[in-house]
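To keep things clear, I will list the structure first and then write my remarks on it.
The values are calculated or read from the model by the stated rules, or taken from the named source; none is laboratory data. Owing to the predicted nature of the structure, the values given are computational and were not obtained by experimental measurement. All Cβ positions, even for glycine, are placed from backbone atoms using ideal geometry, and neighbour counts span all protein chains on display. Just the protein is used for accessible areas: all its heavy atoms, side chains included, with ligands, DNA and RNA removed. Shrake-Rupley method; radii C 1.70, N 1.55, O 1.52, S 1.80 Å.
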Amino acid sequence: MNPHLVSTTILVTHWLIVVGLTLRVITRRAPVGVSVAWIAVMFSVPFIGAAVYLLFGEKRLGRRRGARTASTMDAVMRWQASLRQVRNETAAPLDLLAERVLGFPVQTGNDIELLDDFNAIFDAIVADIDSARETCHLSFYIWHERGRTIDVADALVRAARRGVQCRALADAMGSKQFLKGDLVRRLRQEGVQFRAALPTGSLPTLFSRVDLRNHRKIVVVDDRVAYTGSQNLADPRFFMQDSGAGEWVDAMIRVTGPAVAALDGVFAFDWSVETGDAFDPPTGSACAASTRGTAVQVAPSGPGSRPEAIHQLLLTAIYAARHELIMTTPYFVPDESTLTALLSAALRGVNVTLIVPAYNNSLLVRYASAAQYDDLLSAGAHVALFKGGLLHTKSLAIDGETSIFGSVNLDMRSLWLNSEISLFVYDSGFTGRLRSLQKKYLDNSEYIDLDSWRQRPRWRQLTENSFRLLGPLL
């Protein structure tokens, strides 16, 4: 065969693929930075760039999963409408937008407890499972088969043996090793209904995007008490000890009151989509309102019908800040609009503080994050590097009055791709407790000095700025 003809054919094929996929990227109207990054990858790496885009460039959840999701939404919306019967008005500017884009109203009359020690978190979850009479529902991105996770599994076994309906979801990628292990087999044998969320493999890869993950952390017992936050079912003394980042540092919220039903409804939706079972929402009969009453709004997010929702809500929260904004996140890779909102807040005099781990388990994220610090520091924001391990808590405290707490990182994966869960808490008392926790993190942190930061080696600055260009793809 003529070598010139072969090379010409390959070149023409490459450009036809690139032009076709570029048109597809343009018509799908993703955020500009994401679109430009994907086009650059496809132009720069012949054929491989196109293949990577087809695997990871679009939010494909699979046709059958999409059909199950669509068929469930009418029932979900009718159930959400029933929650509005308990809504009281709040003064927070955020709640109306959250309700309009996600469907969940503010629910008053909740008692919420902030837990920041992993042993206390596991002790509380085990105690509540041991008190269960009807249902135990658990959903975690990571299940890890060592340490305190075994205590939770034992409690589930005890509950299943006394006739409690126990259902559990584990993300198929985050819990890949766990799902192959002995502990999950034991749970299933004892009657715990255990499912892998968003299963992976060669066949699913052809029809759905494998890096769209269920990153939620939810526990609900008897529609009476619920937990959410950043803690996976992983004992930090044993989990990822070879990453060089230290033990993971997390926090969870324990909730009693009407918001428990909303959290259980999010679990019920995920369970329905994964199993094909009919959506079976909680009645909320066990979720009596407290007379003390904290206003809570449940905010699930993900790549479904409104993938931009949590991004819009975070931008609204940042722009609403007037005095103080304190954030903790392990992964800080913001898009341009989020970074602009933070810079604008700092420049208008808001006391903006970002707390991130000094060492991260992802080298790419570490460099991409560091590329943002100069802009933040120049605008007057504070950046603190936590020295006590991999700070995994995701929190935002606004003006001492409003808190956002849950599983959402300040990166584009959490904001656009993963299924996440957040609580919007409109209460100065809880926000004060969250600020005290953030202060404890700050006491174990080192602030970055702008002048010293600018003296870091040139090779590192170049590396950081290079990885910043990959931010939309991380």
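Take the Cα pairs of the range 163-277, get the Kirkwood Rh, then feed it into Stokes-Einstein at 4 °C and 1.567 mPa s and tell me D in µm²/s.
D, rounded to a whole number, is 82 µm²/s.
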Response to the item:
Mean Cβ-within-10 Å packing, highest first, puts peptides 382-388, 103-109 in the order 103-109, 382-388
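Can you give the FRET efficiency to the nearest 0.05 for Asp182 and Thr8, using r as the Cβ-Cβ distance and R₀ = 45 Å?
Details: r = 57 Å, r/R0 = 1.27.
The formula returns an efficiency of 0.20 here.
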Worksheet item: Near Lys440, which aspartates and glutamates are there with a Cα under 12 Å away, not counting those fewer than 8 places off in the same chain?
Response: Asp116
Item to complete: Above 24 angstrom, tally the Cα pairs of the range 249-392 and express them as a % of all pairs, no decimals.
Response: 50 percent
Item to complete: Please give the residues of the range 338-371, grouped as numeric ranges, whose backbone N is less than 19 Å from a label point set 7 Å along the Cα-to-Cβ vector of Ser452.
Response: 353-360, 370-371
Worksheet item: Between Leu97 and Glu134, what FRET efficiency comes out of the Förster formula 1/(1 + (r/R0)^6) with R0 = 35 Å and r the beta carbon distance, rounded to 0.05?
Response: 0.50
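Pop out the carbon and sulfur fraction of the accessible area of the chain as a percent, whole number, probe 1.4 Å.
Details: 11300 of 20440 Å².
Looking at the chain in its full context, I get 55 percent from C and S.
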Worksheet, complete the sentence: In Å², rounded to a whole number, the accessible area per residue of the chain with probe 1.4 Å is 43 Å²
Worksheet entry | HN-Hα J in Hz across the range 402-410 - Karplus 6.51, -1.76, 1.60, θ = phi - 60°, x for Gly and Pro | 10, 10, 10, 8, x, 10, 7, 7, 8
Discussion item. Can you tell me the length gained on complete extension of the stretch Asp123 to Ser466, counting 0.36 nm per residue apart and subtracting the Cα distance?
Written reply: 119.1 nm
Response to the item:
Once all protein chains are kept in place, Val32 shows an accessible area at probe 1.4 Å, nearest 10 Å², of 110 Å²
Worksheet, complete the sentence: Karplus ³J(HN,Hα) for the range 425-434 (6.51 cos²θ - 1.76 cosθ + 1.60, θ = phi - 60°; Hz, whole; x = Gly/Pro) runs 10, 9, 7, 6, x, 5, 4, x, 5, 5
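For Arg146 and Glu308 in one chain, what is 0.36 nm times their gap in residues minus the Cα-Cα distance, to one decimal in nm?
On the way: separation 162, 0.36 × 162 = 58.32 nm, distance 3.63 nm.
Gain in length upon complete extension: 54.7 nm.
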Worksheet entry | Amide hydrogen neighbours beyond the local backbone of Lys217, cut-off 5 Å, H modeled | Gly229, Ile421
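How much space per residue, in cubic angstrom, does the convex hull of the C-alpha atoms of the chain take up? Please report the intermediate quantities before stating the final value.
Details: hull volume 75.0 nm³, N = 474.
Output value, Cα hull per residue: 158 Å³.
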Worksheet entry | Mean Cβ neighbour count within 10 Å, used as a protection proxy, ranking 331-339, 72-80 highest first | 331-339, 72-80
Worksheet item: What order do you get for 213-224, 42-53 when each peptide is scored by the mean count of other beta carbon atoms within 10 Å, highest first?
Response: 213-224, 42-53
Practice prompt. Subtracting the Cα-Cα distance from 0.36 nm times the residue separation, let me have the gained length for Ser378 to Ala67 in nm, one decimal.
Written response: 107.1 nm
Fill in: Charge tally in the Cβ shell below 11 Å around Thr353, where Lys, Arg are +1 and Asp, Glu are -1, Thr353 excluded
+1
Discussion item. To make sure I understand the rule: partners must be lysines, Cα under 21 Å from the Cα of Lys439, and not fewer than 8 residues away in the same chain. Which ones qualify?
Written reply: Lys387, Lys394
Worksheet item: What are the radius of gyration and Dmax of the range 90-183, computed over its Cα atoms and given in Å?
Response: 16.9, 50
Worksheet, complete the sentence: If R0 = 22 Å, then Trp459 and Asp211, at their Cβ-Cβ distance, give a FRET efficiency to the nearest 0.05 of 0.15
